[in-house]
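Reading through the structure tokens given below for one structure.
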Amino acid sequence: MYALYLSAAALLFGLYKLLRLFIRPYFSPTRALPGPPSPSWLWGNFKDIVKADNSVLHEAWLDKYGPVIRYTGMFNDNRVTTLDMRALHHVLNSPAFEKPLQARINLAQFLGEGLLFVEGDEHRKQRRVMNPAFGPTQIREMTDIFLEKSLQLRDIWLSEVAKSGDERARVDAVSWLSKLTLDVIGLAGFSYPFDALNPAQAPNELNAAFSTIFSAGTKFNLLNFLIGFFPIFGHIPTTRNRKMARAKAVMARIGRDLLAEKKAAVLGEHEKVAKDSLQGRDLLSLLVRANMATDLPEAQRMSDEDVLAQVPTFLVAGHETTSTSVTWALYALSLSPASQTRLREELLSVDTDTPSMDTLAGLPYLDKVCREVLRVHAPVPSTVRIAVRDDVIPMGGSGWVDNAGVQHTAIRIAKGDVVFVPILALNRAKAVWGEDAEEFRPERWDVLPEPAAKIPGVWGNLLTFLGGSHACIGYRFSVIEMKAIIFTLVRAFEFELAVPKDKIVKRSMIVTRPVDISEPDQRNRLPIVVRPYRR
Ligand code: HEM
């Protein structure tokens, strides 16, 4: 009898939760905001958004309905977006907004509870211990790795040219750059040699495990969707779940070995680790050292589990994002021969193949090219935040006007409403960058447009690396890595697209990659022709 009451109570509680989920959106103050009608209760505007290129619909709605809009997600859930910089600054910095739990659970099933997962005090704790590993002094030390791997790719492409017997070769920028940045994050992240650029080498254990986890985690399918809501689905013994479990076990074993090695090195630092040895300079070693510092209060230390979760976190966050940026850089430079020539002239004025971080950082046109690529082709085009309590978001400018013509200077938002953070849309907003905002034109950085100075981003007057408490911790790492790769490749080769421009389209699955639609398989690919540059 007691069990029956308990089941009935659980059922009622479940029903109440479900009902609240469906009813809650109708009581949100965001319903007063202007925006597109919802075509379906089940899908909201979701299907149209998925069909269009990332950000395109949001941009059109913002153009049509004003500076802040509401549209709908699944089950008519409220979603708000705005290009208002004061409002975005608030959303990115206020503890009233977090990553949605469902997205975090999805991340955690393949990444563990690392920096991309945690929120609140735990996030502040992890971030405090990890920040020093990503400082300029530390990245300066890693520049050699970025250049060494870039030179390896340069030599591989030169040998492809030699093999072709034709002074030129056709290569796929996506796959080669992905191998390059995997090698870099392996060495700079953990002193782990993936050796992905070595053509004779089959993918090693960690590479294979990582690929399995990454491809399962980033595919949109019913199982992944259900796991986001009900993590128990991750334990059903399907082929996908079994493969994931095996891959996670490999990742955990290698992670534990790496961690044990780093800890032993830190403990025996004075005798064993030379000050400038590679072993002591990778991100994991720096993190372990910071976490073991004697002046760090016990409560502020990360557990071994937390440190281990950073291994897949660095791999996922730091690998495809940077390779995609460089891929888009080669795409943009292929389509803009004048920028390519101007850049090459600047890069060839440096008299070494292995410049320091400061030399790379001090090349003005290289800097403008990188900013412009990261503006027009932001690899992560958007993110979302959920209100964890009711809140009022202040707006700059003249605010917004409701249906009754009343002016508002703030956005009232209810717990559970989602804010879409329009990274790409702000990066290419005409109101900020002018009428040619969608064009790749590095020279625009000669004079920064006034409104761009207010963009609440951590780097480069852009939202590409986000801003606020969850801003990308790896932005310095990524920008210098990007500069080192472009420096090496543009000095050595001239580039052009190997297929017509309209055969390359963008497709987003968290990261926006080029897709080659000239081939029936329509894979992530950027075929380019490389021709050695004769000085
Ligand atoms: C062009 C390259 C990159 C881009 C565009 C990029 C972009 C971003 C963005 C937009 C976020 C915020 C995500 C959100 O909160 O919704 C983020 C967070 C993060 N990124 Fe990056 N990233 C890049 C490279 C890297 C690299 C190289 C690393 C590490 C080696 C890295 C590590 C991280 C981590 C750990 C976070 C979570 C930070 C936190 O929540 O405190 N990223 N990145």
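Ordering Cys370, Cys472 by the number of other Cβ atoms within 10 Å of each residue's own Cβ, fewest first, gives Cys472, Cys370. Placing dummy labels 7 Å off each Cα toward the beta-carbon, the span from Tyr533 to Val56 is 3.4 nm. Longest stretch of the chain clear of exposed loop sites (chymotrypsin sites (Phe, Trp or Tyr not before Pro), DSSP loop, at most 11 other Cβ atoms within 10 Å, sites excluded): 221-535.
GluC sites (Glu not before Pro) within segment 70-121: which are DSSP loop residues with at most 16 other Cβ atoms inside 10 Å? If you can, show how the numbers build up before the last one.
On the way: sites: Glu98, Glu113, Glu119; in loops: Glu113, Glu119.
Hits after loop and neighbour filter: Glu119.
The lysines within cross-link reach of Lys415, meaning a Cα-to-Cα straight distance under 24 Å and a gap of 8 or more places when in the same chain, are Lys17, Lys99. Is segment 371-530 best put as rounded, prolate or oblate by its Cα gyration tensor, with a ≥ b ≥ c the root eigenvalues, rounded for a/c under 1.5, and otherwise prolate when a/b is larger than b/c, oblate when not? It comes out prolate by the Cα gyration axes.
With the Cα gyration tensor of segment 403-443 giving a ≥ b ≥ c as the square roots of its eigenvalues, does the rule (a/c under 1.5 for rounded; else a/b larger than b/c for prolate; else oblate) give rounded, prolate or oblate? Cα axes put segment 403-443 in the oblate bin.
Nearest 5 percent is fine: what portion of the DSSP beta bridges confined to the chain is antiparallel?
90 percent
Pairwise inverse Cα distances across segment 259-414, averaged and inverted, put the Kirkwood hydrodynamic radius at 21.2 Å. Expressed in Å, the radius of gyration and Dmax of the Cα atoms of segment 442-535 are 17.1, 47. When the helices in the chain are scored as -39500 (n - 2.57) per DSSP H run of 4 or longer and the sum is shared across all residues, what 222 nm value do you end up with, to the nearest 500 deg cm²/dmol? Theoretical 222 nm ellipticity from helices: -16000 deg cm²/dmol.
If the chain linking Met292 and Trp41 were pulled fully straight, counting 0.36 nm for each residue of separation and taking away their Cα-Cα distance, it would gain 85.1 nm. Taking every Cα-Cα distance in segment 95-171 and sorting them into 5 Å bins starting at zero, the pair-distance distribution P(r) comes out as 3, 12, 12, 11, 10, 10, 11, 10, 9, 7, 4, 1, 0 percent. Cross-link reach is defined here as a Cα-Cα straight distance under 18 Å, omitting same-chain residues fewer than 8 places apart; for Lys368 the lysines meeting it are Lys483. For the chain, a Kirkwood radius taken over Cα pairs fed into Stokes-Einstein (4 °C, viscosity 1.567 mPa s) yields D = 52 µm²/s. The ranking of Thr239, Thr212 by Cβ neighbour count inside 10 Å, starting from the fewest, reads Thr239, Thr212.
Counting only Cα atoms, segment 1-154 measures 65, 54, 32 Å along its principal axes, largest extent leading.
Residue exposure proxy: Glu320, Glu305, Glu148, ordered by other Cβ atoms within 10 angstrom of their Cβ from fewest to most, comes out as Glu305, Glu148, Glu320.
Tell me, in nm to one decimal, what length is gained between Leu6 and Leu101 on full extension, where the rule is 0.36 nm per residue of separation less the Cα-Cα distance?
31.5 nm is the gain from fully extending Leu6 to Leu101.
Return the subset of Lys125/Lys179; Lys51/Lys501; Lys179/Lys506 for which the Cα-Cα distance in this structure is over 26 Å, preserving the input order. Going by Cα-Cα distance, Lys125/Lys179 fall outside the 26 Å limit. Using a ≥ b ≥ c from the Cα gyration tensor of segment 15-88 (square roots of the eigenvalues), is it rounded, prolate or oblate, where a/c under 1.5 gives rounded and otherwise the larger of a/b and b/c decides, a/b for prolate? Since a/c reaches 1.5 but b/c is at least a/b, the shape of segment 15-88 is classed as oblate.
A short reminder: the numbers here are calculations on the coordinates, not readings from a lab. This structure is a prediction, so every number in the text was calculated from the model and none was measured. Every residue, glycine among them, receives a Cβ derived from its backbone with ideal geometry; neighbour counts consider all protein chains shown.
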